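Asks: Mind having a look at this structure? Questions to follow.
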Amino acid sequence: MTSGFRSGFVSFVGRPNAGKSTLTNVLVGTKVAITSSRPQTTRTVVRGIVHRDDAQLILVDTPGLHRPRTLLGERLNDLVRSTWSEVDVVAVCFPANEKIGPGDTFIVNELTKVKRTRKIAIATKTDLATSDQVAEHLLAIQALGAETGTDWAEIVPVSSVSGSQVDLLSDLLIAMLPEGPQLYPDGELTDSPEETIVAELVREAALEGVRDELPHSIAVVVEEMGLREGRSEDKPLLDIHAFLYVERDSQKGIVIGHQGSRLRDVGINARKQIEAMLGTPVYLNLHVKVAKEWQRDPRQLRKLGF
């Protein structure tokens, strides 16, 4: 390994739906974090790994920090705070197409409690704003820093969609990492267990097109996952049995859809994503179960992995 090699951890934070997962996926070059048009979709800390000749950048994608209304919300917030103190850089995402609001201020104030970690600000989604709006947004980010006593090491506007300034962001983040050895083998893109990734992809497919408050109420647990026995090596088939948990019977009906049509679509979409991610044909078996008020019940939260 050449001297001068850098490696370290960067955590993307921001309120829900600020573009953190999409940015993680663009930097890594493949899908490791689930993205959805619904806020609050990320629940596990996904590490995406960016490999370069001179560095290895490990991206930690945390759930969006928000004022919690349930025990699940509190657990997610604790997870975010513990992550912040362990990384080299915290990058706060502020979507350029939305005004800075109380949610952003709340996060930056929480971040002031983390003393040693370097902090940068990213104006995301610049493709959805005019250049004047972006300029105004950057000034607002600067003002928020001054107001909260946060010293931004950098303020960078990027667009994950157009790719604008993504390489620059990558360079800036790597420059802030300590010198150190490669932490993950070449070619590895995430250290999340495959079951976790599969559960997240099923959850993402289930969230697409579901209205009202359902996103908070879907949890996915992979019960069984393994290669089907008795098949030749050149024709493998991965059997996956997973349960989607919702909180109420009425939600179960929404997820299953008329004569099972909704659940069938979820299975087809999730299977495509899982096959692309794992590179092997998949048989996906999905069932929907009701776990009453699981977000408020410590025992059920443990069972569902939170």
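The values are calculated or read from the model by the stated rules, or taken from the named source; none is laboratory data. On a predicted model such as this, the values are computed, not experimentally measured, just so you know. Glycine gets a Cβ as well: all are built from the backbone with ideal geometry, and neighbour counts include every protein chain shown.
Asks: So, of the residues in the range 260-282 that are of a type in the set (Val, Ile, Thr) and assigned to a helix (DSSP H, G or I), which turns out to be nearest to ASP234 (Cα to Cα)?
Replies: Ranking the candidates gives ILE274 first.
Asks: If you take the residues in the range 207-247 that are assigned to a helix (DSSP H, G or I) and under 16 Å from the mean Cα position of the chain (by Cα), which one is modelled with the lowest pLDDT?
Replies: That would be PRO215.
Asks: When only residues in the range 63-114 that are more than 19 Å from LEU23 (Cα to Cα) and among the acidic types (Asp, Glu) count, which is surrounded by the most Cβ atoms within 10 Å (Cβ to Cβ)?
Replies: So, considering only residues that are more than 19 Å from LEU23 (Cα to Cα) and among the acidic types (Asp, Glu), the one surrounded by the most Cβ atoms within 10 Å (Cβ to Cβ) is GLU110.
Matching residues to (1) in contact (Cβ under 8 Å) with a residue 60 or more places away in the chain; (2) in contact with a Leu (Cβ under 6 Å, 6 or more places away or on another chain); (3) hydroxyl-bearing (Ser, Thr, Tyr):
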{"site": "GLU200", "(1), (2), (3)": "yes, no, no"}
{"site": "GLU204", "(1), (2), (3)": "yes, no, no"}
{"site": "MET225", "(1), (2), (3)": "no, no, no"}
{"site": "SER232", "(1), (2), (3)": "no, no, yes"}
{"site": "HIS241", "(1), (2), (3)": "no, no, no"}
{"site": "ASN269", "(1), (2), (3)": "yes, no, no"}
{"site": "GLU275", "(1), (2), (3)": "no, no, no"}
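Asks: Here's another thing I want to ask about it. Checking the structure you have, find out if any residue of the range 293-304 is more than 25 Å from the chain's Cα centre (by Cα) and either over 21 Å from GLU195 (Cα atoms) or surrounded by fewer than 19 Cβ atoms within 10 Å (Cβ to Cβ) (or both).
Replies: No: zero hits.
Asks: Can you report the number of residues in the range 172-191 which are surrounded by 14 or more Cβ atoms within 10 Å (Cβ to Cβ) and at pLDDT 90 or above?
Replies: 6
Asks: Quick one: in the range 78-117, of everything that is assigned to a helix (DSSP H, G or I) and free of Cβ contacts under 8 Å to residues at least 40 places away in the same chain, which residue is farthest from VAL13 (Cα to Cα)?
Replies: Filtering the range 78-117 for residues that are assigned to a helix (DSSP H, G or I) and free of Cβ contacts under 8 Å to residues at least 40 places away in the same chain, the one farthest from VAL13 (Cα to Cα) comes out as PRO102.
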